[in-house]
Amino acid sequence: MLEFYYSTMQGGKSTALLQRRHNLISIGKRVLVLTSSLDDRYGVGKVTSRMGPQCEAQLFTHATVFDSSLPLNGIDEVFIDEAQFLRAEQVHQIHANLTSGLRIRVSCFGLRTDFRGKPFEGAATLLALADTLHEISTLCRCGAKATLNQRIDVRGSPVREGAVLEIGGDSRYRPVCPHCFYS
């Protein structure tokens, strides 16, 4: 089974991954955690919640092939954090090789869209192929449901242009509703 847990920035995706990992380990299950080599906010090779909990993770890159060459012996579930950074081809590999071929449950956690409101390649493919979709709801500063990520400058003003990939946390991004995004 392929699952996609998605939310905006500050939505609790990594916290959800860490909680689910803890629950599985507590009943004797073996998990493999992967995260993108692009995200170094809290150190390379770590999945970290803003609330403090963290775990070690193996890195995936755009060159990673998701097949039986991964260290999957005895693994009950694979968790992939920052799944928006997967390429479409990698999501197809996960779907065909891991979940369908090896029958390993894979849970991906990530953003749907970038700061311009455009879908990430990995997220778009996960939205198309995942067996189950889980939205992790977040609130905008105005109190409405946040569905978009807004990049901000040092003054807190929206940034509308720039490189798609700019790793940052709360000081660079905020979750917003469509009204606040387009205002």
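Readers should treat all values here as calculations from the given coordinates under stated rules, not as data from a laboratory. If you're wondering where the values come from, they're calculated on a predicted model, not measured in any experiment. FYI the Cβ positions are ideal-geometry reconstructions off the backbone, even for glycines, and counts take in every protein chain you see.
Tabulated values for the structure
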| quantity | calculated |
| --- | --- |
| Structure-derived mean projected area of the Cα convex hull in nm² - corresponding label in [x] 10.4; [y] 9.7; [z] 12.2 | [x] |
| Selection from LEU133, SER26, VAL159, by position along the positive dipole direction of the chain (Cβ) | VAL159 |
| Packing rank of 124-130, 4-10, 80-86, 136-142, where each peptide gets the mean count of other beta carbons within 10 Å, highest leading | 80-86, 4-10, 124-130, 136-142 |
| LYS46, LYS13 arranged by Cβ crowding within 10 Å, fewest neighbours leading | LYS46, LYS13 |
| Estimated distance in nm for a label pair at LEU38 and ALA96, the labels positioned 7 Å out from Cα along Cα-to-Cβ | 2.3 nm |
| Beta bridges per DSSP with both ends in the chain, % antiparallel, nearest 5 | 35 percent |
| Angle between the chain longest axis and helix 13-26 axis [Cα atoms, degrees, rounded to 10] | 30 degrees |
